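The structure appears below as structure tokens.
Each reported figure results from applying straightforward, stated rules to the coordinates on display, with no laboratory input. All values reported here derive from a predicted model rather than from experimental measurement. Positions of Cβ are backbone-derived with ideal geometry, glycine not excepted, and every protein chain shown enters the neighbour counts.
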Ligand SMILES: Cc1ncc(COP(=O)(O)O)c(C=O)c1O
């Protein structure tokens, strides 16, 4: 299959897309990205993804902000050129070239790609996964925490360390011992029939899947609370799951080999996973 890239609004064959060696994303790691999922060729919750990226650029003090309409055009262009129904769509925006070769006005670099989604095996969803605790802490004074910046080295290193221990994800805690999030996911637990997740100012990334779940949990009569959670709170919980746009709702049944609840997928997790699929079908699949 031919791979396409949308680069600053132009659709190019992947092997022909080029970015300047002076690009701030390459030179200094100054960039933001979004990973989105398209079902049946339609991107789930595109607007909140674009809003999150633009908001991060504003909060991080970029002198030029991306235009949501431009971003949307790049993303739609590459998705339409990619025939697979279920795709992983990545949008990357950097502050562009540091070299004033063309003009005094910095021009952002916008890249959108789409590739057929490699789904996680079904058994992860039917049996649940294990997680470990990340050796790296989520530092609340690091301005990039809570944003999806292109500097993901520490997160990917923690994820790789988890995989080496036969775990699926690593949970990140603050230096004070409060749960933040996974390396690349949001974390929820269920306790006394309530859905609990760390507050956004922990800080954590304002996950689009996290927000979607919190929205419809209320409609399903499942009370939701944003609450600081310690490792002991997690151990005492009945259910746990991870979310992100690719994995959707993924049950966790062990933390560092210790079982959570009865080590089986809980009722609330199951209910939320079913409701998420229904919502995706409603918003993206079919006519
Ligand atoms: C650190 C972190 N937290 C949470 C998430 C989940 O975000 P979303 O639900 O928007 O995909 C991600 C996704 O990659 C992430 O990298």
Checklist entry - So how much slack lies between residue 47 and residue 12, counting 0.36 nm per residue of separation and subtracting their Cα-Cα distance, in nm? => result 10.2 nm
Checklist entry - Applying 1/(1 + (r/R0)^6) with R0 = 41 Å to the Cβ-Cβ distance of residue 139 and residue 278, what FRET efficiency is obtained, to the nearest 0.05? => result 0.60
Checklist entry - What is the projected area of the convex hull of the Cα atoms of the stretch 4-116, averaged over all directions, in nm²? => result 6.7
Item to check | Neighbour-count order for 54, 285, 249, fewest beta carbons within 10 angstrom listed first | outcome: 285, 54, 249
Next on the checklist: Mean-square fluctuation check for the chain, GNM, Cα pairs under 10 Å: which of 50, 213, 200 is largest?
Outcome noted: 200
Checklist entry - How large is Rg/Rh for the stretch 61-203, to two decimals, with Cα atoms and a Kirkwood Rh? => result 1.03
Item to check | Mean separation of Cα contacts under 8 Å (6+ apart) over length of the stretch 122-284, as relative contact order % | outcome: 25
Item to check | Inter-label distance for residue 27 and residue 156, nm, one decimal - labels placed 7 Å from Cα along Cα-to-Cβ | outcome: 2.2
Item to check | Between 0 and 90°, nearest 10: helix 46-59 axis offset from the chain longest Cα axis | outcome: 80
Next on the checklist: Return the Rg/Rh ratio of the stretch 122-284 with Cα-based radii and a Kirkwood Rh.
Outcome noted: 0.93
Checklist entry - For the chain, how big is the tail of P(r) above 34 Å, as a whole percent of Cα pairs? => result 22
Checklist entry - Is the shape of the stretch 189-234 rounded, prolate or oblate, going by the alpha carbon gyration tensor and its root eigenvalues a ≥ b ≥ c, with a/c under 1.5 for rounded and a/b larger than b/c for prolate? => result oblate
Checklist entry - Looking only at 151, 115, 20, which one moves most when the chain is put into a Gaussian network model with springs between Cα atoms under 10 Å? => result 20
Checklist entry - Per the helix-only calculation at 222 nm, which mean residue ellipticity applies to the chain, given -39500 (n - 2.57) for every DSSP H run of n ≥ 4 and division by its residues, nearest 500 deg cm²/dmol? => result -9000 deg cm²/dmol
Next on the checklist: Can you compute the FRET efficiency between residue 230 and residue 67 using 1/(1 + (r/R0)^6), with r the Cβ-Cβ distance and R0 = 30 Å? Round to the nearest 0.05.
Outcome noted: 0.10
Checklist outcome for this item: With label points set 7 Å from each Cα along the Cα-to-Cβ direction at residue 215 and residue 166, the distance between them in nm comes to 4.0
Checklist entry - Which value in nm describes the separation of the simple spin-label points at residue 257 and residue 122, placed 7 Å from the Cα toward the beta carbon? => result 3.2
Checklist outcome for this item: Across 240, 27, 36, the residue with the highest GNM fluctuation in the chain (Cα network, 10 Å cutoff) is 27
